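Sharing a structure with you now.
The values are calculated or read from the model by the stated rules, or taken from the named source; none is laboratory data. Because the structure is predicted, anything quoted here is derived from the model rather than measured. Cβ: placed from backbone, ideal geometry, glycine included. Neighbour counts: every protein chain shown. Surface accessibility is based on the protein's heavy atoms, side chains included, excluding ligands, DNA and RNA. Shrake-Rupley method; radii C 1.70, N 1.55, O 1.52, S 1.80 Å.
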Amino acid sequence: HGDPRKVIHPTDSRGQFCGQQGTPNEYPGPPRDPRWFLGGSGPEPPPRVPLPLQICVSRCPDRYLTYLTAAGSPASLGYYRDFCTPEYKGPQKAAPLVLKDRECPAMLIPSTPLARRCFPAIQAKKGVIMVGNKTTYEDGWGNHRNVTELLEGAKKANVVLETRQLAMKIFEDYTVSWYWIIIGLVIAMVASLIFIVLLRFLAGIMVWVMIVMVILVLGYGIFHCYMEYAKLKGEAGSDVSLTDLGFQTDLRVYLHLRQTWLAFLIILCVLELVIVLLLIFLRKRILIAIALIKDWLRAVGHVMSSLLFPLCTFFLLCLCIAYWASTAVFLSTSNEAVYKVFNESACPFSGQTCQPETFNTSNVTKLCPDAQCLFAFYGGETAYHKYLIVLQFFNVFMFFWLANFVIALGQVTLAGAFASYYWAFKKPDDMPAFPLFSAFGRALRYHTGSLAFGSLVLAIVQVIRVILEYLDHRLKAAENKFAKFLLSCLKCCFWCLEKFIKFLNRNAYIMIAIYGTNFCTSARNAFFLLMRNIIRVAVLDKVTDFLFFLGKLLIVGSVGILAFFFFTQRIKLVQDTAPPLNYYWVPILTVIVGSYLIAHGFFSVYGMCVDTLFLCFLEDLERNDGSAEKPYFMSQDLRKLLKKTNKSQPDA
């Protein structure tokens, strides 16, 4: 039922496409640029008359002209005929009847083409709004009007016109700087690889430097708060309590109170004390987390193809997006042209649907001689058209399901590859020849149902969130505060539920890759395994989050600063090499966003590696005891740190 041409090409007042082959408005002869002219039978249409006349034309008008003026001049009328409907036969018909039957617009206004449509050519000269170098125009009914009356109707069009000019300048910047942008992204890729390699040697240093810096910053904050508290002693008004002062819009007022700085001082002291106590009691956990991260970086080195695997996931996600978008366009354009009866006098058939082909032979024209069957809108009254919104929601649901399935496939593939590294007793000799391809094959052959089920659960929650956002949008104008409060609570709850399900799914997919169990069993085992080691999970999670944040900040920041100095021609060595630009921020922002995506892609692989090997590590500790029958699979360095040994193969 869909016709994507409705999105791209304009139509006239009868719902017919402008300038398309096989349509009544196809233009013969040499190729011309058909556009949609927005004319009208008057600025304010009479009651029960449709919107102003919309006519397909081959060019936009370039002058002021009314039909009454053109009808008295053969030369002007020849020009005016280009903006009339095919039913117009000439000046033989009285001018009032021509305008009444909507065969020609009442007036022409100088216009400019935009997106295959004609909009008034509004411009400002010395602060005066003008159209075609005039400030007034005749509306075709003998009235003189100010061009500012056209301003409101064309305001959005001017925004679009300015946007198009901006887009053209941005496109020009891309054409002269694309190769430098690619060089910047390559630098970001190399920097990401270098950072991951350096983590093996600098992870411990960076974590401890961060901890010391936090303690020092909090210590300085305590000192500063105490100095401000002492300085305000004896000053007038500084001893007023916060409760007596009440709420003040100017927050700077609170900084003149001793009680404010005392509250800051107490809060910072409590934070400092908590951090110091955590360091005392969790120092061994932090050391283990750092050792785990450094040790597991070797897994990425043995499965280097995993760094390129996000490209496969990205390609599959693009296919999902393309399928969803094309389906949405076909659904949204599957409406039919609806024609309604319009008339000026009273008529019992006014507003009813009609068919233009049979309208002239129907009883409507006999009872209502002035009635017309005109295009009203795109729609439909069948069951299919009534439930289009339901089909759109189903399309959104399928998009979420497919996208989550693709992401799950990528996660279980990476988890399978890294798990094969951990459970190899002799690393890397006991690993498969191609661990990533082996894991991908296992995922498709044995675990498709589990991935589909996990993706389905997440997709249902995401669709519910979309429905809640839709309801929130529809209820914005409502004054029911309870409904808004309830909707906000539901949105918050389902946001939290989505985050929890994503966390649960990720760990369930890891257990699927390790054991091959179904989704529910894997999710339960992963959840209880993590709960039994909640402190280790929290410490490792925060340490890795900090390292990833630091890595992204360093990569994006350094590449962004380099791009800024290069494109603003502040590097003297390559000052003449930088291309001339309309907006230097265009390539800079592109490099920054691209660098973040590249760094995120690399670190997402490393994050999956850490999560997988961590679950393997916990499983190894719980089910093995170092005996000959149940040896530990962890590396020798980790066994030394944890004081574990394999009895059959004692450590040197």
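How many nm is it between the label spots at Thr568 and Phe494, if each spot is 7 Å from the Cα in line with the beta carbon?
So the label points at Thr568 and Phe494 sit 4.4 nm apart.
With a probe of 1.4 Å, find how much accessible area segment 505-652 has per residue, and write the answer as a whole number in Å². Write down the numbers at each step before the final one.
Details: 7270 Å² over 148 residues.
That works out to 49 Å² per residue.
Of the listed pairs Lys340/Lys491; Lys294/Lys491; Lys502/Lys552, which have alpha-carbon separations greater than 31 Å here? Mind showing how you got there, number by number?
Values: Lys340/Lys491 41 Å; Lys294/Lys491 40 Å; Lys502/Lys552 22 Å.
Over 31 Å Cα-Cα: Lys340/Lys491; Lys294/Lys491.
Pulled fully out, how much extra length does the chain show between Asp541 and Asn518, if you take 0.36 nm times their separation in residues and subtract their Cα-Cα distance? Spell out each step's value before the answer.
Working: separation 23, 0.36 × 23 = 8.28 nm, distance 2.59 nm.
Extending this stretch completely gives an extra 5.7 nm.
Could you tell me what percent of the accessible area of segment 281-356 is made up of carbon and sulfur, with a 1.4 Å probe and every protein chain present?
Details: 2750 of 4000 Å².
It is 69 percent, rounded to a whole number.
Now, a different point. Please compute the modelled spin-label separation between Leu391 and His256, points set 7 Å along Cα→Cβ, answer in nm with one decimal.
Here the answer is 6.7 nm between the modelled labels.
Right, something else. Report, in listed order, any pair from Lys284/Lys640; Lys426/Lys643; Lys284/Lys499; Lys427/Lys499 with a Cα-Cα distance greater than 25 Å. It would help to have the intermediate numbers written out before the result.
Working: Lys284/Lys640 13 Å; Lys426/Lys643 20 Å; Lys284/Lys499 30 Å; Lys427/Lys499 35 Å.
The answer is Lys284/Lys499; Lys427/Lys499.
Return the FRET efficiency for the residue pair Ala75, Glu344: r is the Cβ-Cβ distance, R0 is 51 Å, and the value is rounded to the nearest 0.05.
Numbers: r = 33 Å, r/R0 = 0.64.
For Ala75 and Glu344, the calculated efficiency is 0.95.
Continuing with this model, one more query. Solvent-accessible area per residue for segment 337-379 at a 1.4 Å probe radius, Å²? Write out the running numbers ahead of the final one.
Numbers: 2470 Å² over 43 residues.
Heavy-atom accessible area per residue stands at 57 Å².
For Lys366, put the label point 7 Å out on the Cα→Cβ axis and report which residues of segment 336-360 keep their amide N under 11 Å from it.
none
Ranked from highest to lowest mean number of other Cβ atoms within 10 Å per residue, what is the order of the peptides 165-171, 535-541, 593-599? Could you put the intermediate results ahead of the total?
Working: 165-171: 12.1, 535-541: 16.9, 593-599: 19.6.
Order by mean packing, descending: 593-599, 535-541, 165-171.
Considering the options Ala424, Leu388, Ser438, tell which one lies farthest towards the positive end of the dipole of segment 300-454, charges being +1 on Lys and Arg and -1 on Asp and Glu at the Cβ, about the Cα centre.
Ala424
Subtracting the Cα-Cα distance from 0.36 nm times the residue separation, let me have the gained length for Leu166 to Val197 in nm, one decimal. Write down the numbers at each step before the final one.
On the way: separation 31, 0.36 × 31 = 11.16 nm, distance 4.20 nm.
Extending this stretch completely gives an extra 7.0 nm.
Could you give the length gained by full extension between Tyr179 and Cys269, i.e. 0.36 nm per residue of separation minus their alpha carbon distance, to one decimal place? Don't jump to the answer; show the numbers that get you there.
Working: separation 90, 0.36 × 90 = 32.40 nm, distance 5.25 nm.
Result: 27.2 nm gained on full extension.
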